[in-house]
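See structure below.
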Amino acid sequence: MNVQHPSAGDCPSFHSRKLIVRILFLDFDGVLHSSRAELDGKYFRWLPALVKLLANFPDVKIVVHSTWRYDHTDNELRELLGELGERFVGSAPRGPREQVIQMVLQANKGKFTDYLVLDDAPHEFPEGTLNTLFINGIQGLGSVSQQLDLLTWLLKTAPPKDK
């Protein structure tokens, strides 16, 4: 197997005049729809739940680390995110999820105050060094308890003006 290792030049750079306060690293399969969505065709069924959760937190921006980034351009990913497309700041480069997220964080050090990774695959994060909320891949963000976990992070890390 030939594994491509990403370079720092492949990382999205958050071009902003002001500090981007928080970053949400987003997986699609198992988070925005069931990891079995190819069986029922119900893709992005829980996107409205994420839209609602983020509504009062305009400082949260999105970086896609889903494997969908391999088959879709950043513009297509932005469109797939619907109402959340305006929060999309880029996609992680190709490579192991944990490694590329670490690279994006390093490349954008000082441009955010907190981050959270939403993913349904704990095996993709063997080092366990990232702030990660593991989502049940069958229930995704359709799970009220998972929504509450995300809301807890959003409230806990909100800048004073959002509290």
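Among the residues of the range 37-74, just one is open to solvent by less than 80 Å² (accessible area, probe 1.4 Å), farther than 20 Å from I23 by Cα and either in contact (Cβ under 8 Å) with a residue 40 or more places away in the chain or acidic (D, E) (or both), namely D40. Suppose we keep only residues that are of a type outside the set (G, A, S) and open to solvent by less than 40 Å² (accessible area, probe 1.4 Å) within the range 121-148. Which one would you say is farthest from G30 (Cα to Cα)? If we take residues in the range 121-148 being of a type outside the set (G, A, S) and open to solvent by less than 40 Å² (accessible area, probe 1.4 Å), then L130 is farthest from G30 (Cα to Cα).
K161 falls short on exactly one of the conditions (1) open to solvent by 60 Å² or more (accessible area, probe 1.4 Å); (2) more than 13 Å from the chain's Cα centre (by Cα); (3) closer than 15 Å to D27 by Cα, and that condition is (3). Only helices (runs of 4 or more DSSP H) whose full extent lies in the range 1-89 are considered here, and the ones with at least 3 residues that are at pLDDT 95 or above are 47-54, 74-80.
Taken over the range 140-163, the residue count meeting the criterion of being without any contact (Cβ under 8 Å) to a residue 40 or more places away in the chain and part of a helix (DSSP H, G or I) is 11. Among residues of the range 112-128 that are farther than 20 Å from P159 by Cβ, those with a beta-carbon under 6 Å from a residue that is open to solvent by 40 Å² or more (accessible area, probe 1.4 Å) and not small (G, A, S) at least six positions away or on a different chain give the pairs P122/F134. If the condition is being in a helix (DSSP H, G or I) and at pLDDT below 95, then the range 106-139 contributes Q106, A107.
The values are calculated or read from the model by the stated rules, or taken from the named source; none is laboratory data. All of these numbers come straight from a predicted model, not from anything done at the bench. Don't worry about glycine lacking a Cβ; one is built from the backbone with ideal geometry, like all the others, and counts go over all protein chains shown. Accessible surface areas use protein heavy atoms only, side chains included; no ligands, DNA or RNA. Shrake-Rupley method; radii C 1.70, N 1.55, O 1.52, S 1.80 Å.
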